[in-house]
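What follows is a set of notes on a single structure, which appears directly below.
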């Protein structure tokens, strides 16, 4: 249920390395997801009532996706 609430409170965009600098969530020249809160429309909630961002593909907290990718990137290959 919180995944749905997060998806209506935040806008996700898949950005290519050509569209923005590394500070926008793009790592190592690969495409990456960039999230920003919706502010353009009328809000029926206060900003302190926002839920955390949920990754649009993996449906887990955004920060966990980065941790998992870093964990497996550090592993030795077969």
Of all residues in segment 32-56, which are over 10 Å from the mean Cα position of the chain (by Cα) and not in a loop (DSSP other than H, G, I, E, B)?
-> 37, 47, 48, 49
Please enumerate the residues belonging to segment 57-78 that are over 14 Å from the mean Cα position of the chain (by Cα) and either at pLDDT below 80 or not in a helix (DSSP H, G or I) (or both).
-> 74, 75, 76, 77, 78
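Hey, can you tell me all the residues within segment 39-56 that are surrounded by 10 or more Cβ atoms within 10 Å (Cβ to Cβ) and either modelled with pLDDT under 75 or farther than 16 Å from residue 2 by Cβ (or both)? Quick ask: steps written out before the conclusion?
Going through segment 39-56, the residues surrounded by 10 or more Cβ atoms within 10 Å (Cβ to Cβ) turn out to be 43, 45, 49-56.
The answer is 43, 45.
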Between residues in segment 49-72 that are at positive phi and touching a residue at least 60 places away in the same chain (Cβ under 8 Å) and residues that are surrounded by 13 or more Cβ atoms within 10 Å (Cβ to Cβ) and in a loop (DSSP other than H, G, I, E, B), which pairs lie under 8 Å by C-beta distance while being six or more apart or on different chains?
-> none
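The values are calculated or read from the model by the stated rules, or taken from the named source; none is laboratory data. Predicted model only: the values in this text are computed from it and were never measured. Please note: Cβ atoms are built from the backbone with ideal geometry, for glycine as well, and neighbour counts cover all protein chains shown.
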